[in-house]
Structure formats: structure tokens, C-alpha cells
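Peer 1: Please read through the structure below; I'll follow up with questions.
The values are calculated or read from the model by the stated rules, or taken from the named source; none is laboratory data. Treat the numbers as computed from the prediction; the structure is a model and nothing was measured. Please note: Cβ atoms are built from the backbone with ideal geometry, for glycine as well, and neighbour counts cover all protein chains shown.
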Amino acid sequence: MSKPLHDTLKRVTDRIMDRSRDSRAAYLAKVEAAKKKGPGRAHLACGNLAHAFAASPEMDKPDLASARVPNLGIVTAYNDMLSAHQPYEHYPQLIRETARSFGGTAQVAGGVPAMCDGVTQGQDGMDISLFSRDLIAMATGVALSHDVFDSTVFLGVCDKIVPGLVIGAATFGHLPAVFLPAGPMTTGQGNEEKTKVRQDYAKGLVGRDALLASEMASYHGAGTCTFYGTANSNQMLMEFMGLHMPGTSFINPGTELRDAVTRAAVKRALSITASGDDYRPVADILDARAFVNGMVGLNATGGSTNLLIHLVAMAKAAGLIISLEDFEAISEVTPLLARVYPNGLADVNMFHAAGGLGVVIGQLLSDGLLHDEVTTVVGESMQDYTREPHLDANGEAEWREGAGASLDDKIIRAISNPFQSKGGLRKLVGSLGTAVMKVSAVAPERHVIEAPVRLFQDQGAVKDAFKNGEFTSDTIVVVRFQGPKANGMPELHSLTPLLGILQERGLKVALVTDGRMSGASGKVPAAIHVCPEALDGGPIAKLRDGDVVRVDAAAGKLEILDPTVLEREAVSADLSAQHVGMGRELFATFRASVSSVETGATQF
């Protein structure tokens with residue numbers, strides 16, 4: 001039997017609702033006004049309608065013209081360069097055929113950009129990665145602005161794509177929205193071997209040919225990368241927030257079951273429109289309880305720190321205000337129940353085989369650590385998400401009771417025997433500002449690092465210093481002017497191998513930055529998202545080489561030990577070279593208007 005909702009979750013939920021009272025009321029009023037207008041096709045002029053389905057198959061035109069049946073809008077992030085989104089190439093045809101079989105129609109409403117941080121990691125293109133989230137939201141707005149849809153399905157997986165699509169979906173809160181995952185690629189080279197080759201390359205022990213062969217063996221087919229980074233954290237989040245069909249996040253592409261659950265999701269999207277008797281606008285799903293459940297899921301699974309930024313922005317689009325304090329409070333009471341690389345050796349396929357999200361959700365529900373009574377795309381309870389899909393005799397998806405308990409306690413643990421008693425995220429506060437650290441993969445003896453700082457303005461300079469053998473003692477590497485206003489807040493994940501090598505040499509090292517780390521952040525202590533950022537004159541801009549800083553995840557502190565440092569003038573930086581090339585000049589207005597990282601680093 002499940003326990004009552006944990007007091008901390010209730011308190012955090014009430015706090016979010018209280019501070020969001022005015023903004024949420026304004027949002028719901030906007031949604032209600034759109035609902036009252038009714039289906040858009042009923043109000044369009046004949047010329048408008050004719051343009052909307054001029055190219056549609058003749059069999060669909062009578063239904064589109066009469067608005068007798070629901071019309072499903074598809075928003076897709078398909079491209080065939082990126083493995084996670086390549087499977088979506090054939091989804092529109094499958095969705096259209098499925099919609100017809102259930103008495104509906106479907107059209108691709110529009111496409112959104114999808115860039116890969118794996119491709120741009122350490123490259124100039126990374127400087128527009130975070131901004132692409134808001135651009136995706138805008139593109140979703142353009143796609144749905146034609147106002148001819150009764151329901152929507154969203155095709156997207158990776159780092160900025162899902163948050164951008166959620167922001168767009170929330171903006172059209174009167175429409176139902178179902179998110180369709182594509183699934184992870186099958187398991188390739190093991191993560192332990194991949195990490196070893198990367199470090200050997202950084203040490204100069206193997207050449208580029210060996211490194212490329214290793215990377216190609218790891219990233220080898222269609223689907224998401226199999227580590228638990230931001231992309232797969234997004235998929236977890238969509239289940240915890242009730243926007244996926246249950247248990248569908250980690251089914252591999254190109255399988256019968258993947259097609260079957262996609263068909264089932266299309267059927268569901270058509271059945272929850274305003275014209276039916278089970279209307280589920282996405283505004284009803286995206287409430288404070290859903291976001292609290294998402295924060296719990298992030299902590300319980302050791303998910304990506306990028307979601308700390310994205311969840312704030314996503315909530316804002318639904319009229320809700322969440323803060324780092326909310327994440328911290330939830331982290332304090334949420335046990336870590338999963339170990340998936342980089343927090344362990346298992347990949348997401350192994351995690352799914354061990355019971356996956358259904359087991360984690362069931363364990364959390366049993367201890368009162370999730371809101372159970374919530375609106376989702378399938379029902380009114382998170383218990384639905386403890387079930388898992390199977391193929392029936394006709395090759396269609398049916399949902400049965402899940403495993404209930406972990407099938408491998410090296411990957412998933414019971415709530416009574418967690419990997420850690422607290423979640424994997426820590427808020428750090430002190431004279432250097434506020435920051436966050438992902439500690440789920442960091443050894444406890446490295447949770448506190450006190451050392452002199454070495455200052456850098458870009459990660460290339462850090463790599464050069466490493467190659468020159470300049471790190472010979474305990475060091476806190478500070479990479480500043482990496483915030484959203486400075487250069488778009490790129491990830492600094494390419495520093496992970498060399499910092500890991502320094503750790504292996506017995507040095508105490510940490511990273512402090514106003515930039516981001518990858519969702520695959522691992523064993524090196526990293527105080528990231530430092531706010532205020534250097535460009536805003538934050539204390540990080542007052543540091544000089546040799547100043548001593550204390551990064552203390554145990555006590556939640558980020559301190560400059562010499563208080564006189566704060567009396568200095570903040571340094572400035574010439575960032576002009578980082579504002580041109582690779583499309584960065586097109587995002588000048590984004591850099592000028594972006595909000596702080598604490599408020600979602602958003603344009604909205």
C-alpha cells in the first residue's frame with residue numbers, strides 16, 4: 001500500500017502554487033479563452049481552409065473540410081543526420097495511416113530545428129545550443145498558429161528539443177499533446193571502454209584513429225545515445241510528467257513494439273480532443289504536481305543538470321514559477337534509485353531491461369514520493385506508469401502490470417535500499433554566488449575541494465594548459481564568461497577526460513563555471529551554472545589566479561576564502577570573437593535579452 005504524499009513534496013507544491021498564483025491564473029485564463037473559441041477550423045474562412053488542406057489526399061479532404069473528425073497536428077524534429085531523430089523519418093506516414101484507421105486525419109504542422117550537442121561539443125556551434133530551445137518553442141508556435149488542429153503529437157528527443165517542444169505545447173495549452181519518443185540505439189561498445197579510450201587519447205597513449213573507432217563503436221546506429229544524459233533524462237521526464245504513453249521511453253527504434261506503441265499514442269491523441277468525452281488539454285497536465293514529479297524523477301534517477309534550467313523555463317510557459325530551492329528541497333528527501341552511466345556502468349537499455357522507469361515510479365509511489373492523483377495523457381493516476389507495453393496477438397500494444405521490483409539491483413534499487421539516501425543534485429551558495437553540482441557520480445571523498453584557482457576564458461585554453469603540463473598541484477579550474485549573456489552558455493563536457501586524468505594522478509581538482517556541463521557529467525566535482533555570471537559582474541569575475549576557493553557539496557557552500565577579493569573591480573572580457581561564425585551572429589538579440597540561468601535562461 002502506498003504511503004500518503006511526503007510532507008516535503010506537499011510543501012514544495014503548495015509553495016509553487018502560492019508564488020505562481022497570479023501568473024498561473026493569467027495562463028489559465030488565456031487557455032480558457034482559446035477553449036471557448038472551439039475548434040479553429042470551424043471559424044476559418046473558406047479560403048483559409050482551402051489553403052490548409054489543398055495538398056492533402058483526396059480521401060482526407062471531405063473530413064478536413066467538414067471538421068467532422070479530429071485533425072492531428074504533427075510537430076517534428078526529424079533530420080537524418082542525428083541518430084536520435086533519424087527514426088522519425090517514417091513517423092508521419094505511420095501517424096497519418098493510423099489516424100485514418102481510427103476515424104481521424106493528421107498533417108505535419110511544421111518542423112523544428114534539432115541540433116546535437118554531441119556534434120557541437122567543444123565547437124563554436126555549441127554557443128547557440130541553449131538558445132535553440134527557445135527557437136524550437138517559437139517554431140512550434142509558428143507550426144500551430146494555423147489553428148486547424150484538434151490535438152497534437154510531438155516528435156523530439158534530445159537536449160533542447162523536448163524542452164522547446166514542451167514550451168511550445170504549453171503555449172497552446174488548450175490543445176491535447178502527446179509526446180512520441182523514438183527510443184535509444186542498441187547497445188554498442190561498453191561505456192567503461194569508451195571512457196578509457198578517451199582518457200588514453202588525452203594522455204597521448206592512442207591516436208585519433210583509435211579514438212574515432214571507439215566513438216563509432218559507441219555511437220553506431222539509429223536512436224538516442226545510450227548513456228543517461230540530457231536526451232534520455234528528457235524521456236524520463238515525459239513519463240514522470242504524464243506526457244508519454246507509459247513505459248515507452250526506452251523501446252528501441254525499428255521494432256514491432258515501437259511501431260505498436262506509436263500507433264497507440266496516435267489513437268490516444270485523437271481520443272482526448274474537445275470533441276470527445278475525455279478532453280485532456282495539455283494545460284491540465286502541466287500543473288505544479290507534474291513539475292514536482294519531474295523534479296523527483298530527476299533526482300531519483302541521477303538525471304542531467306541541464307534539466308535544472310529547462311524545467312524552470314518549461315514551468316514558466318505554463319504560468320508556474322519554480323526555483324533552485326524547490327529542487328534542493330526535493331533532492332533532500334528523494335533517494336537515488338538508479339545507476340546508469342555516467343553514474344554507473346549500465347546503459348539505458350540495461351536500465352530498461354532491469355525494470356526501467358516503471359519500477360522506479362512504483363517504488364517512489366510506495367513511499368509517498370510522487371503525486372499519484374494527477375492528470376496524464378492516459379488517466380488520472382501515476383499508477384498507470386508502473387505498467388509496461390507488450391504486443392498482443394494482433395501485433396498491437398497492450399499494457400500489463402510491470403515487474404514491480406528491480407531485476408538487477410546493481411542498476412535499480414528498492415526504495416528501502418537506495419544507492420544514496422538523497423538525490424543526485426546539490427545547490428551551492430556562498431560568496432562566489434549560487435551554483436549546482438551533480439554529485440550522484442562523484443565519490444564522497446571528492447565532495448569537498450579547497451584549492452587555489454586557475455582562471456580561463458574558454459575550454460581551449462584549459463586543454464592547452466593540460467597539454468603543456470601546467471597542472472601539477474591541487475587546482476580549481478575556473479572557466480568564466482560562459483554564461484547565457486556572455487556566449488550562450490555552452491557545455492564544457494570536453495574538459496571531463498582531462499580533469500579525470502588529473503584526479504587519477506592524485507590531485508584534488510574541481511571545475512567552477514558560469515557555463516554548463518553535459519548531461520553526462522561524471523566523476524569530477526563541478527560547480528556549474530554559477531550566478532551571477534561573469535558578464536553581469538558576479539564575484540566569479542573578481543577572482544585572480546591563486547585565490548583559494550572552497551567547493552563544498554557536503555555543506556552546500558561555494559566560498560571565496562579571502563573576503564577582500566569581493567572588494568576588487570570585476571574584470572571584463574572581449575567576447576567579440578565568440579559572437580560571429582557558425583550562426584552565432586544571428587543570435588545577438590538572444591544574448592541581449594536572455595534571462596538569468598536561475599530564471600531559466602529564457603527569452604520568454
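Peer 1: Of all residues in segment 576-595, how many are at pLDDT 95 or above and crowded, with 16+ Cβ neighbours inside 10 Å?
Peer 2: Number of matching residues: 6.
Peer 1: Next question. Mind checking which residues of segment 38-49 are surrounded by 12 or more Cβ atoms within 10 Å (Cβ to Cβ) and either part of a helix (DSSP H, G or I) or within 28 Å of the chain's Cα centre (by Cα) (or both)?
Peer 2: GLY40, ARG41, ASN48, LEU49
Peer 1: Then there is this: Show the residue pairs meeting these rules: Cβ distance below 9 Å; 6+ apart or different chains; first residue within segment 44-68 and at positive phi; second residue surrounded by fewer than 15 Cβ atoms within 10 Å (Cβ to Cβ) and outside any loop (DSSP other than H, G, I, E, B).
Peer 2: ALA67/ALA42
Peer 1: So which of ASP147, ASP80, ASP124 ends up being within 25 Å of GLY483 (Cβ to Cβ) and acidic (Asp, Glu)?
Peer 2: ASP124
Peer 1: If you take just the strands (runs of 3 or more DSSP E) that sit entirely in segment 370-458, which of them hold at least 2 residues that are among the hydrophobic types (A, V, I, L, M, F, W, C)?
Peer 2: 397-401, 425-430, 433-438, 448-456
Peer 1: For segment 77-101, give me the residue count where each residue is surrounded by fewer than 17 Cβ atoms within 10 Å (Cβ to Cβ) and closer than 22 Å to SER271 by Cα.
Peer 2: Summing the residues that are surrounded by fewer than 17 Cβ atoms within 10 Å (Cβ to Cβ) and closer than 22 Å to SER271 by Cα in segment 77-101 gives 5.
Peer 1: Considering only residues that are at pLDDT 95 or above and among the basic types (Lys, Arg), look in segment 1-19 and name the one that is surrounded by the most Cβ atoms within 10 Å (Cβ to Cβ).
Peer 2: ARG15
Peer 1: Identify the residue in segment 483-541 that is farther than 18 Å from VAL597 by Cα and of a type in the set (Val, Ile, Thr) and, among all such residues, is surrounded by the fewest Cβ atoms within 10 Å (Cβ to Cβ).
Peer 2: If we take residues in segment 483-541 being farther than 18 Å from VAL597 by Cα and of a type in the set (Val, Ile, Thr), then ILE501 is surrounded by the fewest Cβ atoms within 10 Å (Cβ to Cβ).
Peer 1: Checking the condition charged (D, E, K, R) and modelled with pLDDT under 95, which residue from ASP347, ASP367, ASP372 passes?
Peer 2: Of ASP347, ASP367, ASP372, the one residue that is charged (D, E, K, R) and modelled with pLDDT under 95 is ASP347.
Peer 1: Tell me the residue from ARG263, ARG289, ARG280 that is assigned by TED's automatic domain parsing to the domain that holds VAL157, in a helix (DSSP H, G or I) and more than 18 Å from ARG19 (Cα to Cα), please.
Peer 2: Just one listed residue meets the conditions, ARG263.
Peer 1: I'd like to know if segment 341-352 contains one or more residues that are in contact (Cβ under 8 Å) with a residue 60 or more places away in the chain, outside any loop (DSSP other than H, G, I, E, B) and either of a type in the set (Gly, Ala, Ser) or not assigned by TED's automatic domain parsing to the domain that holds LEU237 (or both).
Peer 2: no
Peer 1: Another one. Just checking, how many residues over segment 169-188 are in contact with a strand residue (DSSP E or B) (Cβ under 6 Å, 6 or more places away or on another chain) and more than 19 Å from ALA346 (Cβ to Cβ)?
Peer 2: 7
Peer 1: Within segment 304-311, can one find any residue that is crowded, with 24+ Cβ neighbours inside 10 Å and farther than 20 Å from GLY483 by Cβ?
Peer 2: The answer is no, given that none of the residues of segment 304-311 is crowded, with 24+ Cβ neighbours inside 10 Å and farther than 20 Å from GLY483 by Cβ.
Peer 1: Within segment 85-123, can you find the residues that are over 22 Å from ASP150 (Cα atoms) and among the β-branched types (Val, Ile, Thr)?
Peer 2: The answer is VAL119, THR120.
Peer 1: A further question follows. Could you please find all residues in segment 553-572 being at pLDDT 95 or above and either closer than 25 Å to VAL524 by Cβ or of a type in the set (Lys, Arg) (or both)?
Peer 2: LYS557, LEU558, GLU559, ILE560, LEU561, ASP562, VAL565, ARG568
Peer 1: Kindly check whether there is at least one residue in segment 553-563 that is β-branched (Val, Ile, Thr), in contact (Cβ under 8 Å) with a residue 40 or more places away in the chain and surrounded by fewer than 19 Cβ atoms within 10 Å (Cβ to Cβ).
Peer 2: no
Peer 1: Given the criteria assigned by TED's automatic domain parsing to the domain that holds VAL378, touching a helix residue (DSSP H, G or I) at 6+ places or on another chain (Cβ under 9 Å) and without any contact (Cβ under 8 Å) to a residue 60 or more places away in the chain, does GLY204 qualify?
Peer 2: No: the conditions fail for GLY204.
Peer 1: Related question: Filter segment 486-504 down to the residues that are over 19 Å from LEU432 (Cα atoms), out of contact with any Ser or Thr (no Cβ under 9 Å at 6 or more places or on another chain) and either among the β-branched types (Val, Ile, Thr) or at pLDDT 95 or above (or both) and list them by number.
Peer 2: ASN487, ILE501
Peer 1: From the list SER275, SER214, which one is outside any helix (DSSP H, G or I) and polar (S, T, N, Q)?
Peer 2: Exactly one of SER275, SER214 is outside any helix (DSSP H, G or I) and polar (S, T, N, Q), namely SER275.
Peer 1: If you go through segment 20-34 one residue at a time, how many are surrounded by 11 or more Cβ atoms within 10 Å (Cβ to Cβ) and either touching a Leu at 6+ places or on another chain (Cβ under 9 Å) or acidic (Asp, Glu) (or both)?
Peer 2: Residues meeting the conditions: 6.
Peer 1: Further, regarding this structure: Give GLU192, GLU239 a once-over and let me know the one that is of a type in the set (Asp, Glu) and either modelled with pLDDT of 85 or more or part of a loop (DSSP other than H, G, I, E, B) (or both).
Peer 2: Unique residue meeting the criteria: GLU239.
Peer 1: Among the residues of segment 586-600, is there at least one that is assigned to a loop (DSSP other than H, G, I, E, B), more than 30 Å from SER440 (Cβ to Cβ) and not acidic (Asp, Glu)?
Peer 2: No; the residues of segment 586-600 include none that is assigned to a loop (DSSP other than H, G, I, E, B), more than 30 Å from SER440 (Cβ to Cβ) and not acidic (Asp, Glu).
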